[in-house]
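Inspection log for the structure reproduced underneath, given as structure tokens.
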Amino acid sequence: MGGITMIKSILAAGTVFSLLATAGLAEERTGREEYMIACAGCHGETGKGDGPASGLMTNKPYDLTKLTTDKGDGKFPFEYVLWVVDGRDMIKFHGGDMPVWGDRYMVSARASEAESELPESRELVVRGRILSLTYYLGSIQE
């Protein structure tokens, strides 16, 4: 009887680990998709600041792969990145080139909101997208 219980425990643990791994991959994929839509045009596909629109900008886009070394003293500056990506509660220091993604995501959330949704759910959608993008940026650090 002990052997069957052990097998069930192993199978349950395997299921939990595979679900966690799948959730992690889905989060990364979503963050990458957000990045490719929102950031790659300026910062480039690899985050180096060499996107197709970079030559048209007043300020050269920042190399996002260096956030840990330049802004975080060796640790990914998670809260700082959340704040900058959101952009709704900050003083402009990008020279006007950096979009306020919090506002843009909010407009998108309002447009896709179902009649049955509460307005508070829009903010959750916006924060989820920003969070997903921030986790992705953490994953591309050199």
Fully extended, how many nm does the chain gain between Asp103 and Met57 (0.36 nm per residue separation, minus their Cα-Cα distance)?
14.5 nm
Burial order of peptide ranges 118-129, 30-41 (average beta-carbon count within 10 Å, highest first)
30-41, 118-129
Which whole-Hz couplings ³J(HN,Hα) result when phi for each residue of segment 50-64 is put into the Karplus expression 6.51 cos²θ - 1.76 cosθ + 1.60, θ = phi - 60°, listed in order with x for Gly and Pro?
10, x, x, 8, 4, x, 8, 9, 5, 10, 4, x, 5, 6, 6
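Each value in this text was obtained by applying a stated rule to the coordinates, not by laboratory testing. This is a predicted model, so every value here is computed, not measured. Heads up, the Cβs are rebuilt from the backbone with ideal geometry, glycines too, and the neighbour counts pull from every protein chain shown.
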